[in-house]
Amino acid sequence: TLGERLGIFDFERGAKISGSGFPVYRGLGSRLERALIQFFLDEHQKNGFEEFTPPYLVTRNTMRGTGQLPKFEEDMYRCDKDDDLFLIPTAEVPLTNLYAGEVIPESELPKRICAYSACFRREAGSYGKDVRGLNRLHEFSKVESVRIDTPEHSDASHKEMLEHVEGLLQKLELP
């Protein structure tokens, strides 16, 4: 309601051109989204993450590689059967598959990688239908960070990732 009142989101026009769940950002809303994306990418880079720009369309095997398929196939946007490509639900899917089928030498670990992407999901069922605002969207922007490390370092890596993300929220002065 606040975003609509401020004129930074337009859900009605988004629904007009794409259906519900596709908002239009406008004016300061567009600038805010772009500024947040840049902030997160810059902060990840300062923390040792390498930025990637992955494709938004991925193969069936790529979707399987992160457990998206077969479980969530009905929730995915898919190209026709000739291509058998899927729009990504999050940049995590292509990022985690960058090294699929490879053995990474321990000397090259940890790998810290990040990406901005548009994300596409059918929000199936009635869950969230009555939720207003920027929840349960079919298309949204996201900056994703991934860390690949040895099993022995997983607890420390997890802790470091949590501290990094908490630090981002603190810099934005968000509780």
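Which label marks the calculated value of volume of the Cα convex hull per residue in Å³, given the options (i) 111; (ii) 128; (iii) 150? Computed from these coordinates, volume of the Cα convex hull per residue in Å³ corresponds to label (iii).
About its Cα centre, what dipole magnitude does the chain give when the only charges are +1 on Lys and Arg Cβ and -1 on Asp and Glu Cβ, stated in debye to the nearest 20?
Computed about the Cα centre, the dipole is about 780 debye.
Given R0 = 25 Å, the distance between the Cβ atoms of LEU36 and ARG13 translates into a calculated FRET efficiency of 0.70.
Counting only protein heavy atoms and a probe of 1.4 Å, the accessible surface of the chain is 51% carbon and sulfur. Between 0 and 90 degrees, the angle of helix 154-171 with respect to the longest Cα principal axis of the chain falls at about 40 degrees. Lys pairs in the chain, Cα-Cα under 25 Å, at least 8 apart or on separate chains: how many? For the chain, the number of qualifying lysine pairs is 16.
When Lys and Arg each count +1 and Asp and Glu each count -1, what net charge do the other residues less than 10 Å away from VAL24, Cβ to Cβ, add up to? Can you show the working numbers first?
On the way: positive: ARG13, LYS16, ARG26; negative: ASP10, GLU12.
Here the charged neighbours net out to +1.
Looking at the range 5-104, which trypsin sites (Lys or Arg not before Pro) are DSSP coil and have at most 12 other C-beta atoms within 10 Å of their C-beta? Intermediate results must be reported in sequence, preceding the final value.
Details: sites: ARG5, ARG13, LYS16, ARG26, ARG31, ARG34, LYS46, ARG60, ARG64, LYS71, ARG78, LYS81; in loops: ARG26, LYS71, LYS81.
Those that pass, being in a loop and sparsely packed, are LYS71, LYS81.
Give the range of the longest stretch in the chain that excludes all GluC sites (Glu not before Pro) found in loop regions by DSSP and having at most 10 other beta-carbon atoms within 10 Å. Between exposed loop sites, the widest span is 1-101. Other residues lying with their Cβ under 12 Å from the Cβ of HIS158 contribute a combined charge of -2, Lys and Arg counting +1, Asp and Glu -1. Answer with one residue from GLY48, SER141, ALA91: the one whose Cα lies farthest towards the positive end of the charge dipole of the chain, charges on Cβ with Lys, Arg +1 and Asp, Glu -1. With unit charges placed on the Cβ atoms, the residue in question is SER141.
When the charge dipole of the chain is built from unit charges on Cβ atoms (+1 for Lys and Arg, -1 for Asp and Glu) and taken about the Cα centre, the candidate among LEU28, GLN38, PRO70 whose Cα reaches farthest toward its positive end is LEU28.
The values are calculated or read from the model by the stated rules, or taken from the named source; none is laboratory data. Nothing here was measured: the structure is a model prediction, and the numbers come from that model. Heads up, the Cβs are rebuilt from the backbone with ideal geometry, glycines too, and the neighbour counts pull from every protein chain shown. With ligands, DNA and RNA removed, areas are computed over all heavy atoms of the protein, side chains included. Shrake-Rupley method; radii C 1.70, N 1.55, O 1.52, S 1.80 Å.
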